[in-house]
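In what follows, a structure is listed as structure tokens, so that the remarks can point back to it.
Here, each number is a calculation from the coordinates, and none is a lab measurement. Please read these numbers as outputs of a predicted model, since none were measured by experiment. Because the Cβ atoms are built from the backbone with ideal geometry, glycine has one as well, and the counts that use them run over all protein chains shown.
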Amino acid sequence: MAELFLASASPRRRELLAQIAVPCVTQIASIDENPLPDEPATAYVERLAREKARAGLTALGGRANAVVLGADTAVVLDGRILGKPQDFADFQRMLRALAGRTHQVLTAVALVSGDREAARVVASDVTFRALSEAEIEAYWASGEPCDKAGGYGIQGLAAVFVSRIEGSYSAVVGLPLCETAQLLADFGIPCWQMPTQG
């Protein structure tokens, strides 16, 4: 059976794969994550997912039966990608912009093997309730937003900000499990790989 490698340092993506009982080995390879000029957000996340997976496969040096999963998530508001906050002021701008509005979260997942490549992009709409300045400051003080696209993590403390979600919750966290399972099956990797009892 093919062996799955995860081209991501994200503990959330590892946890999501574990949730559907798919074992993996982390194989990170760094890439340039800057958007290209005038690159649409959907194209951006798919390109990064594919490039991460390709870089991971290259780092494995042509290992037989290796399949590498790359993923990327972007928070998009009014057509603009909101990256990880640079500092508190940047974070404040992001959260104030997201408060009381609906934004889009795009997550791409790509699988690459020696002879195949496939990718899917999943869009979800996330609506925040109104936020007070005190809540924004307290959330920053928690330390959680620092490494999160858009300055928040839906699976963490910021769950209390989300009044509505339309789409895939797991995709907002970082990996669309329905679509990922379908891609894995196409590459010969089943879900629910339960350990044998004995």
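Take every Cα pair under 8 Å whose residues are at least 6 apart in sequence, average their separation, divide by the length of the chain, and the relative contact order is 24 percent. When DSSP beta bridges are restricted to pairs lying wholly in the chain, around 80% turn out antiparallel. Projecting the Cα atoms of Ile28, Gly151, Leu6 onto the charge dipole of the chain (Cβ charges, centred on the Cα centre) puts Leu6 farthest toward the positive pole.
Provide the gained length on full extension for the span Ala64 to Gln193, in nm with one decimal, where the gain is 0.36 nm per separating residue minus the Cα-Cα distance. Difference between extended and current length: 44.4 nm.
Rounded to the nearest 0.05, what FRET efficiency is calculated for Asp125 and Gln182 with R0 set to 22 Å and r the Cβ-Cβ distance? For Asp125 and Gln182, the calculated efficiency is 0.55.
Using R0 = 25 Å, the C-beta based FRET efficiency linking Ala134 and Glu15 works out to 0.25.
Give the peptides 74-86, 132-144 in descending order of average Cβ contacts within 10 Å, highest first.
Listed from highest to lowest mean packing, they are 74-86, 132-144.
In this label model, Tyr169 and Asp115 are separated by 4.0 nm, measuring between points 7 Å along each Cα→Cβ vector.
Centroid-to-centroid, using Cα positions, segment 13-74 and segment 124-161 are 25 Å apart.
Just to verify a number: FRET efficiency for Val162 and Ser30, C-beta to C-beta distance, R0 = 35 Å, to 0.05?
After rounding, the FRET efficiency stands at 0.65.
Put simply, when 107-117, 12-22, 182-192 are sorted by average Cβ atoms within 10 angstrom per residue, most first, you get 107-117, 12-22, 182-192.
What 222 nm value per residue comes from the helices of the chain, counting each DSSP H run with n ≥ 4 as -39,500 (n - 2.57) and dividing by all residues, nearest 500 deg cm²/dmol? Roughly -9500 deg cm²/dmol at 222 nm, from the helical runs in the chain.
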